[in-house]
1. For the range 104-129, enumerate the residues that are more than 21 Å from the chain's Cα centre (by Cα) and either surrounded by fewer than 18 Cβ atoms within 10 Å (Cβ to Cβ) or closer than 26 Å to Pro33 by Cβ (or both).
2. Going through the range 1-46 one residue at a time, which ones are more than 18 Å from Ile88 (Cβ to Cβ), small (Gly, Ala, Ser) and out of contact with any helix residue (DSSP H, G or I) (no Cβ under 7 Å at 6 or more places or on another chain)?
3. For the range 155-212, give me the residue count where each residue is assigned to a strand (DSSP E or B) and modelled with pLDDT under 95.
4. Do you know which residues across the range 166-219 are closer than 23 Å to Ile266 by Cβ and away from the ligand (no atom under 16 Å from the Cβ)?
5. If you take the residues in the range 37-56 that are assigned to a loop (DSSP other than H, G, I, E, B) and open to solvent by 30 Å² or more (accessible area, probe 1.4 Å), which one is nearest to the ligand (Cβ to nearest atom)?
6. Name the single residue that is farthest from the ligand (Cβ to nearest atom) among those in the range 86-100 being assigned to a helix (DSSP H, G or I), of a type outside the set (S, T, N, Q) and open to solvent by less than 30 Å² (accessible area, probe 1.4 Å).
7. Quick check, is Ile114 over 18 Å from Ser128 (Cβ atoms) and either in contact with a His (Cβ under 6 Å, 6 or more places away or on another chain) or among the β-branched types (Val, Ile, Thr) (or both)?
8. Please go through the range 132-144 and give me each residue that is outside any strand (DSSP E or B) and either surrounded by fewer than 16 Cβ atoms within 10 Å (Cβ to Cβ) or within 24 Å of the chain's Cα centre (by Cα) (or both), ordered by number.
Amino acid sequence: MEIKLASNYGFCFGVKRAIKIAEDYKNSATMGPLIHNQDEINRLKNDFNVGLYTNLSDVKENDTVIIRTHGIPKNDLKNLRKLNAKVINATCPFVTTPQQIVKKMSSEGYSILIFGDADHPEVKGVQSYGEDQDDVHIILEPSDLEKITFKNNKIATVAQTTKKKEKYLEIVNALILKNKEVRVFNTICDATFENQDAARELSKEVDIMIVIGGKNSSNTKQLHSICIENCPDSYLIENENELDINWFLNKKLCGITAGASTPDWIIQQVVNKIKSFN
Ligand code: F3S
């Protein structure tokens with residue numbers, strides 16, 4: 001069986017940057033998981049003694065605290081500074097952008113609409129920058145707009161970085177139909193799309209597709225859903241231990257892609273294990 005890697009896959013700029021920061025600050029700890037990849041977090045712990053705070057109350061004066069790529073809510077950041085911790089911000093600049101847009105537009109009297117997943121740490125962080133929390137609304141579908149009452153007659157909208165542009169366009173279209181002033185900010189990150197386009201192309205030509213990444217990573221899940229549209233035998237795995245030899249029976253070409261938080265060493269281990277099935 002032949003193995004073919006997608007023309008774009010794996011770590012994006014923001015994740016590479018965050019890992020480099022964590023490696024530079026040995027013996028520190030991150031506020032929440034630095035990235036959505038447990039194996040890489042374990043490596044940072046083992047090789048660089050980078051720990052993890054689950055609660056603000058765990059932080060002590062003079063601790064070095066790294067803010068994760070998805071960012072944290074504004075008040076958490078403020079409280080960290082009050083604790084006199086040394087704060088190192090590894091928030092991806094593409095996540096800082098919607099935070100700043102929400103801050104600015106809500107201070108100018110705009111109602112805020114976020115296209116994203118309300119439970120995602122990135123969205124919680126972006127939401128926290130709204131001045132009037134009762135006028136920051138989060139939706140996943142255009143139909144959700146019917147449940148919203150905006151306080152103002154001007155609306156600013158941003159999207160979670162990993163969302164699909166097509167769905168964002170649907171939401172924006174629906175918004176414009178009912179509102180006089182809509183400011184649209186395209187905060188969707190292209191790194192995700194480069195990986196998605198490459199996965200889409202590759203999944204059209206292979207018999208089996210392996211998507212490697214964290215099962216709680218939204219961009220990995222999206223890669224998997226794109227692949228499954230073209231290749232029903234598409235599997236999402238976190239590492240080589242989850243591979244099942246039976247998936248590969250009678251398959252000639254295996255495609256591989258990986259989410260934006262998946263390190264090369266994990267991808268290599270998966271490739272090696274698949275090769276060993278031959
Ligand atoms: Fe940043 Fe885009 Fe990666 S938002 S963390 S560069 S997927």
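1. Those that are more than 21 Å from the chain's Cα centre (by Cα) and either surrounded by fewer than 18 Cβ atoms within 10 Å (Cβ to Cβ) or closer than 26 Å to Pro33 by Cβ (or both): Lys104, Ser107, Glu108, Gly109.
2. Hits for the range 1-46: nothing passes.
3. First pass over the range 155-212, keeping only residues assigned to a strand (DSSP E or B): 155-159, 181-184, 208-212.
Adding the requirement that they be modelled with pLDDT under 95 leaves none.
Total meeting the criteria: 0.
4. Arg200, Glu201, Leu202, Ser203, Val206, Asp207, Ile208, Met209, Ile210, Lys215, listed by residue number.
5. Thr54
6. So the residue we want is Pro98.
7. no
8. Passing the criteria: Asp132, Gln133, Asp134, Leu140, Glu141, Pro142, Ser143, Asp144.
The values are calculated or read from the model by the stated rules, or taken from the named source; none is laboratory data. Because the structure is a prediction, the values reported are computed rather than measured. Cβ sites come from the backbone with ideal geometry, for glycine too, and all protein chains shown count toward neighbours. The accessibility values were calculated without ligands, DNA or RNA, using every heavy atom of the protein model including side chains. Shrake-Rupley method; radii C 1.70, N 1.55, O 1.52, S 1.80 Å.
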